[in-house]
Amino acid sequence: MILSTSVQLAKTYLEKGGVIGLPTETVYGLAGNIWDQEAINKIFTIKERPKSHPLIAHVAHWEQVESIATNIPAMAQLLADKFWPGPLTMILSAKPNVPSEATAGLGTIAVRMPEHPLALKLLSALPFPLVAPSANPFGKISPTSAMHVFSYFKGKIPLTLDGGNCKVGLESTIIGFKDDAVVIYRQGIISKDDILEVIPNTAVYYDIDNQSNYPGSHRAHYAPKTPLIITDSLAETLEKYDNSKIGLLVLGSDTESTYSNIAAIRNLSKANDLKEAASNLYAFLHELDSLNLDMIVAELFPASDLGIVLNDKLIRASSQFDQHA
Ligand code: TXA
Ligand code: MG
């Protein structure tokens, strides 16, 4: 696999039906031409993803949305005006000619405009939208750098467009439209309140855990190889596993570094900034996972706004919850 910043090279591979690693502001995607069923099949095979999970289409301008979606609600246009390019995915009615491989036969297509200069440059140069799931094998942690994509898929895809580290570091917020309401299926850094600011008189509700088919709702998601233990008391968990080699994921101060069983520490944000923590979370999980430790230990985030979203990611990645309180 080549890591390159050449949009031209990426375009060449995609036009030939190839699949490439695509940088976005959230996480890297595994991208192919939406109109090319062979390319879409490759994506599912490379990722080992069940066919029942549809893909997100990535676009650079509104005409590309209209080429794949129909009956677009006025609310969708308002939200796009506010949040695109950016980490908001909207599920719309698919035009009948959109390949069912991309929609999993649901009749809907998820769409977003990524906020990444290389991705936008590439999409603007292409005569077709790109479908792309996150560029990780099914059930593994999403990649937030070109090197992560490389270590997952070297030998399987020809190129990853190297756009550096993903700024947001968490998958996009996914919403759909039901009757006159907005349904949040997966939350990223764009929150319910952010959405309500644009469409204040609209019912906005969550439907995150109920539907097996829905965005990221699988329990075993984003998991590292190393067991991840979440705890509500770092001190107690560190004492309990005093013979283990532990990688510690902390937020704020590094006071626990005195324990001798700690082999590595990654501080998600010394300033306690949850946005900064979000942008580091997957990268640090990847790093700690590569160190051959016995376990990774992480404390739950404060349960506010983004903290709840981050806790959800941690819980999905974890093998155990050490509860003391
Ligand atoms: O930030 C992101 O959204 C990244 C970057 C690459 O854009 N993409 C991403 O894709 O996270 P993926 O495939 O890993 O997660 C998308 C989720 C999946 O759980 C999929 O089942 C769901 O969205 N999804 C996609 N299309 C859908 C649809 N039409 N209806 C319901 N769920 C859909
Ligand atoms: Mg994914």
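Only residues in the stretch 50-65 that are farther than 19 Å from ALA80 by Cβ count as the first member; pair them with residues that are open to solvent by 40 Å² or more (accessible area, probe 1.4 Å), Cβ under 7 angstrom, at least 6 apart or cross-chain, and list the lot.
SER52/ASN213; PRO54/LEU106
Which of the residues belonging to the stretch 174-188 are of a type outside the set (Phe, Trp, Tyr) and either more than 16 Å from LEU274 (Cα to Cα) or more than 16 Å from ligand 2 (Cβ to nearest atom) (or both)? Give the derivation first.
Here is the first cut: in the stretch 174-188, the ones of a type outside the set (Phe, Trp, Tyr) are 174-176, 178-184, 186-188.
Once the filter is applied, which keeps residues that are of a type outside the set (Phe, Trp, Tyr) and either more than 16 Å from LEU274 (Cα to Cα) or more than 16 Å from ligand 2 (Cβ to nearest atom) (or both), the stretch 174-188 yields ILE174, ILE175, GLY176, LYS178, ASP179, ASP180, ALA181, VAL182, VAL183, ILE184, ARG186.
For every residue, the table says whether it meets (1) open to solvent by 30 Å² or more (accessible area, probe 1.4 Å); (2) assigned to a strand (DSSP E or B); (3) at pLDDT below 95.
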{"site": "PRO215", "(1), (2), (3)": "no, no, yes"}
{"site": "ALA220", "(1), (2), (3)": "yes, no, yes"}
{"site": "THR226", "(1), (2), (3)": "no, no, no"}
{"site": "ILE230", "(1), (2), (3)": "no, yes, no"}
{"site": "GLU236", "(1), (2), (3)": "yes, no, yes"}
{"site": "ASP242", "(1), (2), (3)": "yes, no, yes"}
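Within the stretch 86-199, which strands (runs of 3 or more DSSP E) (wholly inside it) include 2 or more residues that are out of contact with any helix residue (DSSP H, G or I) (no Cβ under 7 Å at 6 or more places or on another chain) and on the phi < 0 side of the Ramachandran plot?
Counting at least 2 such residues, we get 88-94, 108-112, 173-178, 181-186.
Quickly run through the stretch 121-156 and pick out the residues that are open to solvent by 10 Å² or more (accessible area, probe 1.4 Å) and hydroxyl-bearing (Ser, Thr, Tyr).
Listed by number, the residues that qualify are SER124, SER134, SER145, SER151, TYR152.
Can you list residue pairs whose Cβ atoms sit under 6 Å apart, with the first residue in the stretch 228-243 being of a type outside the set (A, V, I, L, M) and the second being open to solvent by 20 Å² or more (accessible area, probe 1.4 Å) and in a loop (DSSP other than H, G, I, E, B)? Count only pairs 6 or more apart in sequence or on different chains.
Close Cβ pairs (under 6 Å, with a partner that is open to solvent by 20 Å² or more (accessible area, probe 1.4 Å) and in a loop (DSSP other than H, G, I, E, B)) amount to ASP232/LEU300; ASP232/GLN323; ASP232/HIS324; ASP232/ALA325; SER233/HIS324; GLU236/HIS324.
Can you tell which of ALA104, ALA80, ALA76 is within 14 Å of ligand 1 (Cβ to nearest atom), in the same structural domain as ALA39 (by TED's automatic domain parsing) and open to solvent by less than 20 Å² (accessible area, probe 1.4 Å)?
Just one listed residue meets the conditions, ALA76.
Restricting attention to strands (runs of 3 or more DSSP E) lying wholly within the stretch 1-62, give those where 3 or more residues are open to solvent by 10 Å² or more (accessible area, probe 1.4 Å), within 15 Å of ligand 1 (Cβ to nearest atom) and not assigned by TED's automatic domain parsing to the domain that holds LEU130.
Filter on the stretch 1-62 gives an empty set.
Check whether at least one residue in the stretch 307-324 is among the aromatic types (Phe, Trp, Tyr) and open to solvent by less than 20 Å² (accessible area, probe 1.4 Å), and report yes or no.
No - not one qualifying residue is present in the stretch 307-324.
Pairs under 9 Å by beta carbon, first residue outside the structural domain of ARG266 (by TED's automatic domain parsing) and closer than 20 Å to THR237 by Cβ in the stretch 283-309, partner open to solvent by less than 60 Å² (accessible area, probe 1.4 Å) and in a loop (DSSP other than H, G, I, E, B), six or more apart or different chains?
none
The values are calculated or read from the model by the stated rules, or taken from the named source; none is laboratory data. Nothing here was measured: the structure is a model prediction, and the numbers come from that model. Reconstructed Cβ throughout: ideal geometry from the backbone, glycine too, with neighbour counts over all protein chains shown. With ligands, DNA and RNA removed, areas are computed over all heavy atoms of the protein, side chains included. Shrake-Rupley method; radii C 1.70, N 1.55, O 1.52, S 1.80 Å.
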